[in-house]
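Have a look at the structure below before the remarks.
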Amino acid sequence: MNRNTSARRRPGRRVAVAAGLVLALGLGAAAQASAAEPRTAGGKVSASAPSTALSDSGASLSGRQMIRVLKSLLPKGGKISDEQSQEGYAALVWDDGRGKSMIGVNSQHDMGDVLAGRMGCEGEYIECQALTLADGTQVKRAKRASEKGGSAVVWLVDTLHPDGRRVIVQEVNSYVEGGPVTRPQPPLTLDRLQTIALDSRWAG
């Protein structure tokens with residue numbers, strides 16, 4: 001079946017996939033609000049920027065580039081559907097034969113001030129580990145219950161580079177966060193998510 005045709009038949013689910021990634025960044029409510037504010041390259045809030053933007057205009061990969069990189073970093077052999085992307089953002093549903101999983105990535109710039117002191121494990125997590133790599137990149141590896149209700153769980157890796165560039169990769173054991181559970185746990189290990197998040201191609 002053509003993936004684009006399939007996606008058009010389920011507009012409600014497409015919106016849910018996008019919202020599930022954009023809003024579920026593994027942060028507290030205050031940090032989520034700050035991260036979601038449209039920002040210009042200088043780091044100031046732009047009143048004219050679209051409300052869905054999570055990255056600086058002109059600083060991030062295009063949606064087409066985001067989805068291409070994400071697909072290239074997934075294990076071979078899985079079935080991909082429900083692709084969603086825009087500048088600095090991509091999400092899709094991936095099925096390795098053991099159940100569908102929403103997997104998505106956000107790439108943001110100039111986030112150092114916004115996330116100062118927020119890359120630790122404060123909050124309600126099933127598991128969480130915060131570490132700093134040799135190059136100064138801060139990494140949070142976490143598992144948490146869905147914030148949208150239901151029994152789905154979210155696994156995520158949130159990375160903040162010394163230059164303020166941030167990449168978040170997350171997956172859900174459902175086709176969308178808050179949806180019905182489609183498999184016992186998400187398909188990729190946290191190590192694999194970390195490898196995806198730290199891939200140099202997200203820098204453009």
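The values are calculated or read from the model by the stated rules, or taken from the named source; none is laboratory data. Just so you know, these numbers come straight off a predicted model, no measurement behind them. A quick note on method: Cβ atoms are made from the backbone with ideal geometry, for glycine too, and the neighbour counts reach across all protein chains shown. Heads up: the accessible areas ignore ligands, DNA and RNA and are worked out on the full protein's heavy atoms, side chains in. Shrake-Rupley method; radii C 1.70, N 1.55, O 1.52, S 1.80 Å.
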Counting only strands (runs of 3 or more DSSP E) wholly inside the stretch 109-181, the ones holding at least 3 residues that are surrounded by 16 or more Cβ atoms within 10 Å (Cβ to Cβ) and without any contact (Cβ under 8 Å) to a residue 60 or more places away in the chain are 138-145, 153-160
I need a count of the residues in the stretch 60-75 that are buried (at least 16 other Cβ atoms within 10 Å of the Cβ), modelled with pLDDT of 95 or more and of a type in the set (Gly, Ala, Ser). 1
What is the one condition in (1) open to solvent by 60 Å² or more (accessible area, probe 1.4 Å); (2) more than 15 Å from the chain's Cα centre (by Cα); (3) among the β-branched types (Val, Ile, Thr) that residue 195 does not satisfy? (2)
Residue among 134, 116, 142 that alone is small (Gly, Ala, Ser) and modelled with pLDDT under 95: 116
Could you check the stretch 93-111 and list, in sequence order, the residues that are farther than 30 Å from residue 182 by Cβ and touching a strand residue (DSSP E or B) at 6+ places or on another chain (Cβ under 7 Å)? 110, 111
Given (1) under 17 Å from the mean Cα position of the chain (by Cα); (2) under 16 Å from residue 188 (Cα atoms), residue 96 misses just (1)
Mind listing whichever residues of the stretch 81-106 are under 21 Å from residue 147 (Cα atoms) and among the hydroxyl-bearing types (Ser, Thr, Tyr)? 89, 101
All but one of (1) more than 14 Å from residue 166 (Cβ to Cβ); (2) buried (at least 16 other Cβ atoms within 10 Å of the Cβ); (3) in contact (Cβ under 8 Å) with a residue 60 or more places away in the chain hold for residue 106; state the number of the condition that does not hold. (1)
Among the residues that make up the stretch 122-141, is at least one of them in contact with a Cys (Cβ under 8 Å, 6 or more places away or on another chain) and closer than 15 Å to residue 196 by Cβ? yes
